[in-house]
Amino acid sequence: MTTRARKPVAPPPPTPEEEEAAYVASLERAGKAVAGKGPLPPGATHRVVLTSTGAKRVKRKRYTAV
């Protein structure tokens with residue numbers, strides 16, 4: 001009797017909130033999104049704002065052409 005190999009089960013897709021949190025975190029790690037007021041530092045393209053629920057959102061403020 002042979003055993004069959006099971007197919008790997010794909011993880012469930014992330015929720016929109018998880019995707020947004022991951023996107024904001026990646027922009028912050030790269031230095032492309034900053035919190036606070038005043039002018040953006042060099043290289044930053046997004047401003048981090050907090051929603052009424054405390055979630056982080058980004059607002060695009062500047063474009064860069066690479």
>> Looking at region 44-66 only, could you name the residues that are modelled with pLDDT of 90 or more, exposed (fewer than 13 other Cβ atoms within 10 Å of the Cβ) and more than 18 Å from Ala22 (Cβ to Cβ)?
In response: Ser52
> Checking Tyr23 against (1) under 12 Å from the mean Cα position of the chain (by Cα); (2) exposed (fewer than 10 other Cβ atoms within 10 Å of the Cβ), which test does it fail?
Replying inline: (2)
> Of everything in region 1-20 that's at pLDDT below 95 and of a type in the set (S, T, N, Q), which residue is nearest to the chain's Cα centre (by Cα)?
Replying inline: Thr3
>> Considering only residues that are outside any loop (DSSP other than H, G, I, E, B) and at positive phi, which ones fall in region 33-66?
In response: none
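The values are calculated or read from the model by the stated rules, or taken from the named source; none is laboratory data. Since this is a predicted model, take the numbers as computed values, not measurements. All Cβ positions, even for glycine, are placed from backbone atoms using ideal geometry, and neighbour counts span all protein chains on display.
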